[in-house]
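Reviewing the structure listed below.
The values are calculated or read from the model by the stated rules, or taken from the named source; none is laboratory data. All values derive from a computational prediction rather than experimental measurement. Because the Cβ atoms are built from the backbone with ideal geometry, glycine has one as well, and the counts that use them run over all protein chains shown. We work out accessible area using only protein heavy atoms, side chains counted, and drop any ligands, DNA or RNA first. Shrake-Rupley method; radii C 1.70, N 1.55, O 1.52, S 1.80 Å.
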Amino acid sequence: QVQLVESGGGLVQAGGSLRLSCAASGGIFSNYAMGWFRQAPGKEREFVAAIGWGGGTRYYADSVKGRFTISRDNAKNTVYMQMNSLKPEDTAVYFCAAGALVIRSARLRGDYWGQGTQVTVSS
């Protein structure tokens, strides 16, 4: 069983940056692809970014391409997401997930989930 704990959320002005972290425990971190999803109030959870176990494959939602960067440090059992040029529409609870890449759809199948961290972008 993999446990995931997110951190790094907060309140930021539009155009600002945040760096989310997700620390994993309870499993072999390097066995899993990792990713981030988000859920805004009144909306369904949506895919944001994913990274393969070795870090060589990365997928992004069109809405964040060029602004967000996902990375991982297998020695620290941690995945990161650097978020730049933030917009009010990026406001959501961000969830970390561990699972497998779905190549056909360039997404992540999340098998394990964190509790989420709030990101609020003010205009």
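I'd like the full set of residues that are modelled with pLDDT of 95 or more and under 19 Å from residue 65 (Cβ atoms), limited to region 106-123.
Scanning region 106-123 gives 107, 108, 119, 121.
Which residue pairs have Cβ atoms closer than 7 Å, lie 6 or more positions apart in sequence or on different chains, and pair a first residue in region 100-123 that is within 19 Å of residue 87 (Cα to Cα) and in contact (Cβ under 8 Å) with a residue 24 or more places away in the chain with a second residue that is among the polar types (S, T, N, Q) and open to solvent by less than 50 Å² (accessible area, probe 1.4 Å)?
Cβ pairs passing all conditions: 119/91; 120/91; 121/91.
Which condition from (1) touching a residue at least 40 places away in the same chain (Cβ under 8 Å); (2) at positive phi; (3) open to solvent by less than 40 Å² (accessible area, probe 1.4 Å) is the one that residue 77 breaks?
(3)
Can you tell me which of 87, 65 is open to solvent by 60 Å² or more (accessible area, probe 1.4 Å), over 12 Å from the mean Cα position of the chain (by Cα), without any contact (Cβ under 8 Å) to a residue 40 or more places away in the chain and under 23 Å from residue 12 (Cβ atoms)?
Result of the check over 87, 65: 65.
Go through region 47-102 residue by residue and tally those that are in a loop (DSSP other than H, G, I, E, B) and at pLDDT 95 or above.
Of the residues in that region, 18 qualify.
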